[in-house]
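No value in this document is a laboratory result; all are computed from the given coordinates. Owing to the predicted nature of the structure, the values given are computational and were not obtained by experimental measurement. Note: ideal-geometry Cβ built from the backbone for every residue, glycine included; neighbour counts use all protein chains shown.
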Amino acid sequence: MTRLGRATLDDLPASVERPGYDPAAHAAGIVHLGCGAFHRAHQAVYTDAALARSGGDWRITAVSLRSTEIADALNPQDGLYTLVEAGPEGQRARVIGSIARVLAGSREPQAILDALAAAATRIVTITVTEKAYGIERRAGDVDPSHPSVAADLADPRAPTGVLGLLVEGLRRRFEAGLQPFTVLCCDNLPHNGALVRMGVVGLARRIDPALAERIEREVAFPSSMVDRITPAPNDATLGAAERLTGRTDRAAVETEPFSQWVIEDRFPTGRPDWEAGGALLVEDVAPFEAMKLRMLNGAHSMLAYAGFLAGHVHVRDVMADPALAGLVRRHLSAAAATLGTLGGIDLAAYAEALLQRFSNPAIAHATYQIAMDGTEKLPQRIVAPAVDALRAGQSLRPFAFAVAAWMRYCVGRTESGERYDLRDPRKALIEMAVCSGPGDAAALTVGLLALPGLFPVELLGASRFVGDVETILAGFLRDGAAATIAAEAGRVS
Ligand code: CS2
């Protein structure tokens, strides 16, 4: 079968939407760090819509920091790929043209720095997952023991990590008398603009304090809230793209129809017309971000741990289990209660929409995928709302249930004794906490609650919360996931 590419774009089936502009007529103005499925299902799609409606030199030079796979898939396709939107009514294909080329960090580090320092580059967008930055969130500084940060501190002119690339890219621009780029973080982190700024300035300060000061003064780090459920692509994704387009496409992605991007409108050197793709440009992203992290992502993490333990492979299977679906609903309303009123947003309607989205039968989103990197995700998804609930005298039980499910998951064995990889940057610490005691609920609770930097003292002092975590975890260990979930769901009705 013919491969997707510029030469094979014109005679695609009529049902396939294609770029509403000539991709080759637009130069790149954005460098994107982290060319995973999420970027291809989200920012690149908004930029595609912006190019179609308003033009501009806003194509994307995408960087894949670790693997070479996506560069080798996309470059021979002239950056073109298929976005498969899958909902209960079926699948729809759209070819996206906003990515100009992909650079593989391990192969061409110099080309990445050249792109960051290019006069045409005005924005750097980022999706590298929570753990890749190396920011010590509590201390408000970089974590010098993080592998990328350590490497970039040792050799700041040849960086390989996200923060190091940003610092060196900015240094080169200043040296060349160019304006700095705007940095737009698109990872699921709270106050993500301020957070990345803290990391970049923190790293720069250790390299060159004058550079740090200039970055603080001159570089904009707007925050953004991103949302689109995008499972890791697999053979079924590529098969669907092939069926819909009649082309082989090794970079196809599959995603839900829903998409949301709320962006703080602070781009001193301009930006694409992302509104063309439906983006909302606002003054303050924080309320949207808290809503999404606590409701969507919080419920996701809870259902991923509990669902995985109960043997559910995909989120849609979890939602088909009435007891778990009830607990998801309970979690959403507990999370919503911590948000207060968000001007104009109907949180009950948002919760209903999430229940529908999680139940989408066409999306195979693995619970094991969401369960990854728990220690990076729990603070903003579960712990922060639990602290607010504690202060407001609201129920902590749903958050205790989520934490207990995560703790049982940390044991690293299914109920039939099969081992699985925890896939967490603090895996060694978790395993130490799990293995150093007798392995009962009390010991596990104490050991895991004591992991550095995860649970604030205020929450640890809430005996009701700690007691509930231990009791629920004891149920998971003694009676198994199904019975514990059923018992918990029984408390709701
Ligand atoms: C998920 C998110 O994997 C996860 O942790 O909760 O990737 C989620 O699917 C997205 O944030 C949805 O926008």
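Per-structure values
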{"item": "Trypsin sites (Lys or Arg not before Pro) within segment 23-73: DSSP coil, no more than 15 neighbouring Cβ in 10 Å", "result": "ARG66"}
{"item": "Interchain or long-range residues, amide H under 5 Å from ALA104's placed H", "result": "SER64"}
{"item": "Residue-span extension gain [CYS435 to ALA158] - 0.36 nm each, minus C-alpha spacing", "result": "95.8 nm"}
{"item": "Full-stretch length increase - ALA119, ALA7 - with 0.36 nm per residue and alpha-carbon distance subtracted", "result": "37.3 nm"}
{"item": "Distance (nanometres) between label positions extended 7 Å along Cα→Cβ at ASP479 and ASP141", "result": "4.7"}
{"item": "Given charges at beta-carbon only (K, R positive; D, E negative), |dipole| of the chain in Debye", "result": "280"}
{"item": "Mean Cα-pair separation over length for segment 7-152, i.e. relative contact order, pairs under 8 Å, 6 or more apart, %", "result": "28"}
{"item": "Percent RCO, i.e. relative contact order, over segment 6-282, from Cα pairs under 8 Å lying at least 6 residues apart", "result": "23"}
{"item": "Simple spin-label estimate for LEU460 and LEU178 in nanometres, 7 Å along Cα-Cβ", "result": "4.6"}
{"item": "Karplus-derived 3J(HN,Hα), 6.51/-1.76/1.60, for each residue of segment 457-465, Hz, glycine and proline x", "result": "3, 4, 6, 5, x, 8, 5, 5, 5"}
{"item": "Cβ-based charge dipole, segment 6-282, positive-most Cα from TYR46, ILE207, ALA232", "result": "ILE207"}
{"item": "Estimated distance in nm for a label pair at ARG413 and ALA24, the labels positioned 7 Å out from Cα along Cα-to-Cβ", "result": "6.1"}
{"item": "Distance histogram for the chain (every C-alpha pair counted, 10 angstrom bins, percent rounded to whole numbers)", "result": "4, 19, 28, 27, 16, 5, 0"}
{"item": "Residue among ALA404, ALA351, MET372 farthest towards the positive dipole end of segment 332-419, charges placed on Cβ", "result": "ALA404"}
{"item": "Length added when fully stretched, TYR420-ALA286, from 0.36 nm per residue minus Cα-Cα", "result": "44.7 nm"}
{"item": "Convex hull (Cα only) mean projected area of segment 151-263, reported in nm² to one decimal", "result": "9.7"}
{"item": "In degrees, nearest ten, helix 397-410 long axis to first principal axis of the chain (Cα)", "result": "80"}
{"item": "Within-14-Å neighbourhood charge of ALA474 [Cβ basis; K, R +1; D, E -1]", "result": "-3"}
{"item": "Environment charge of GLY29, counting only residues whose C-beta is closer than 11 Å and scoring Lys/Arg +1, Asp/Glu -1", "result": "+2"}
{"item": "Rounded D (µm²/s) - segment 286-492, Kirkwood Rh over Cα pairs, Stokes-Einstein at 20 °C, 1.002 mPa s", "result": "127"}
{"item": "Cut-off under 5 Å, modelled amide H: who pairs with LEU280 long-range", "result": "TRP261, VAL262, ILE263"}
{"item": "For segment 162-178, Karplus couplings with θ = phi - 60° (6.51, -1.76, 1.60), whole Hz, Gly/Pro x", "result": "4, 5, x, 5, 5, 5, 5, x, 5, 4, 5, 5, 4, 4, 8, x, 9"}
{"item": "Förster-model FRET efficiency, 41 Å R0, ALA150 and THR471, C-beta, rounded to 0.05", "result": "0.50"}
{"item": "Environment charge at ARG330 (Cβ cut-off 11 Å; Lys +1, Arg +1, Asp -1, Glu -1)", "result": "+2"}
{"item": "The chain, relative contact order [Cα under 8 Å, separation at least 6], %", "result": "14"}
{"item": "Ranking of GLU275, GLU352 by count of other Cβ atoms within 10 Å, fewest first", "result": "GLU352, GLU275"}
